[in-house]
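Working notes for the structure below.
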Amino acid sequence: LGVSRRFWMKEYYSYRCVYCSRKMQRLEMDHITPLSKGGDHTASNIVPCCRSCNAKKGTGPVLKPVQPMLLL
């Protein structure tokens, strides 16, 4: 995703990790379905999360159900 789309995605989620809900400026983009498992690099498959949650998830299933953005 481009820089402006990443900004809007973080804004959409109020700068909170989708898994633990901690509010922070520094968030990573997590693929809900990992690229290695057939996921795509689109806004409907990417959510912002903190580094800790992203490391826990790795290439496994999501840590809790999330609602991805459907439109950007």
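Throughout, read-outs are computed from the coordinates displayed, never taken from laboratory work. The shown structure was predicted, so the numbers you read here are calculated from the model rather than taken from an experiment. Heads up, the Cβs are rebuilt from the backbone with ideal geometry, glycines too, and the neighbour counts pull from every protein chain shown.
Just going by the charge dipole of the chain, with Lys and Arg at +1 and Asp and Glu at -1 on Cβ, which of 66, 32, 49 is farthest out on the positive end? Of the listed residues, the answer is 49. Subtracting the Cα-Cα distance of residue 33 and residue 64 from their residue separation scaled by 0.36 nm leaves 9.9 nm.
If you wrap the Cα atoms of the chain in a convex hull and average its projected area over all directions, you get 4.3 nm². In summary, the lysines within cross-link reach of residue 37, defined as a Cα separation below 23 angstrom excluding same-chain residues under 8 places away, comprise 56, 57, 64. The chymotrypsin sites (Phe, Trp or Tyr not before Pro) of the chain that DSSP puts in a loop, and whose beta carbon has at most 15 other beta carbons within 10 Å, are 15.
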